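Working notes for the structure below.
Taken together, the values in this text are just the output of simple stated rules run on the coordinates, not laboratory data. On a predicted model such as this, the values are computed, not experimentally measured, just so you know. Here the Cβ positions follow ideal geometry from the backbone for every residue, glycine too, while neighbour counts run over all protein chains shown.
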Amino acid sequence: MYYFIGIKGTGMASLACMLYDLGNEVSGSDLPKHFFTEDELDKRGIRIYDFNPDNIRDGMNVIIGNAFLEDHPEVRAARANKTCTCRRYHEFVGSFMEPYHSICVAGSHGKTTTTGMLSCVMSRFAKTGWLIGDGTGYIRPDSEYFCLEADEFRRHFLAYHPEYAIITNVDIDHVDYFKDADDYRHAYEQFASQVSKALVIYGEDQEARKMHMETRHYWYGLKDNDDIQAVNVQENSTGMEFDVRFEQKPFAHFSLPLVGHHLLLNSLAVIGIGILEGIRPEILEAGLSAFHGQKRRFQVETIGSNVFVDDYAHHPTEVGVTIDTARQRFPGRKLVAVFKPHRASRVKYFADDFALQLKKADSIYLCDFTSIDDKQDGTDIDISYLQKRIPGSQVLSEDEAGARILAREEPAVYLFMSSKDIYWLAGLVKRYHKS
């Protein structure tokens, strides 16, 4: 019997469904508020209880969501019951992946999308399961491969010992936990040492190039010193074409219906894994071409003369990529950035970088902190700390008044960027659409 404390979390809900699909008895607890993640749980008839320490029973295999501290009543009850086996989410996933040929995707940015791409490719090559940070999970009893998004948050990815790993970048984040760039990079070095076969790493990332690694590794990118190199690159508003060279030798030509330079790089990383596993170029191209994006990763909705984009961007590098991709995909259109930050410490540390990237948009609107953990580490600033660095930007209320202000910008491409729920505001803007 598997019992999940915090079963509605994105990773937790997916893992619960996967364990159920493998024939296990599964239940869990969470807040009574409805979350989209519980829909798949409901389809399977997985019981969800309100939090109560009495839910913990003898012999349970308890999986604890990482959002719940040790003083949570159910966590205390589970730890106190000597007949229960208790593991944190990442600890359990680390043991879950052991029977499979496992491939992890780590990195400050791009790991969700790259894991999704990898899953599309590997599922065409062999029976494959996956667990992705946007709440997407799949497994079958005869799966051979397992693709996993490996999160560096609080060094959780050190619970994983994959055969292969992709590292998309080592751009410092989680500045409330990691001491500095050296500490952040050291965590990736530790992770790299746990990879048994090979690493595929983005070669143009300066911090990645500083890593000390004994594990066999290959660099990917567009430079001559990259082992997996894209050359003859052509990108436009509908797709991309490029040739791949592996260790200075021609490998194959690729034509993909993907838009955005970051997707080219993500594709190149997946192609690198494919080369190492002996996957034919036509399978790689078919798998990448079938990729249609992940939840909250540049999800596009067009209504009349307006385009609404929902994106998880919450770090300045990601914000810049989102705006650059919109420029490429919607040339000549007005870009309206709506940014809601997460964690005051991140905004304070990266304020100038956030300002630099947001200024790429034509109009900029900022929402204030509202999450319970935004100021958890004691950093006490409000959104004006960022707003004063961006002349012409406006602080926006998340209500009807804010929606009316945004509606005045149409026709436009609206970029709703946040790791928190901000896209619901687009629904209010649509009410004011001038049809």
Residue-normalised 222 nm signal for the chain, counting each DSSP H run of n ≥ 4 as -39,500 (n - 2.57), nearest 500 deg cm²/dmol, is -9500 deg cm²/dmol
Highest mean packing first, using Cβ neighbours within 10 angstrom, the peptides 9-16, 27-34 sort as 9-16, 27-34
Computed about the Cα centre, the charge dipole of region 129-178 from +1 Lys/Arg and -1 Asp/Glu charges at the Cβ has a magnitude in debye, to the nearest 20, of 140 debye
The percentage of Cα-Cα pairs in region 91-233 separated by more than 27 Å is 18 percent
Mean separation of Cα contacts under 8 Å (at least 6 apart) over the residue count of the chain, i.e. the relative contact order in percent, is 10 percent
With the charge dipole of region 322-381 built from beta-carbon charges (+1 for Lys and Arg, -1 for Asp and Glu) about the Cα centre, the Cα from GLN357, GLY332, THR379 projecting farthest to the positive end belongs to GLY332
The answer for the per residue Cα convex hull volume of region 322-430, in Å³, is 96 Å³
Taking Cα pairs closer than 8 Å and at least 6 residues apart, the relative contact order of region 54-181 in percent is 26 percent
With +1 at each Lys and Arg Cβ and -1 at each Asp and Glu Cβ, the charge dipole magnitude of the chain around its Cα centre, to the nearest 20 debye, comes out at 620 debye
Amide H neighbours of MET240 at under 5 Å, excluding residues fewer than 5 places away on the same chain, with H built from the backbone geometry, are LEU256, LEU258
Sequence order, region 47-52: Karplus ³J(HN,Hα) from phi using 6.51 cos²θ - 1.76 cosθ + 1.60, θ = phi - 60°, Hz rounded, Gly and Pro as x, gives 6, 10, 9, 5, 4, 6
Which residues qualify? For PHE4, with a placed amide H closer than 5 Å and at least 5 residues away or on another chain, they are SER27, GLY28, SER29, ILE63
Charge dipole of the chain built from unit charges on the beta carbon (Lys, Arg +1; Asp, Glu -1), centred at mean Cα; most positive-end Cα among PHE92, ILE103, THR317 is THR317
Diffusion coefficient in µm²/s returned for the chain by Stokes-Einstein, Kirkwood Rh over C-alpha pairs, 20 °C and 1.002 mPa s, is 94 µm²/s
Beyond 20 Å (Cα-Cα) in this structure, taken from LYS8/LYS179; LYS8/LYS348; LYS33/LYS111; LYS348/LYS420; LYS360/LYS388, we find LYS8/LYS179; LYS8/LYS348; LYS33/LYS111
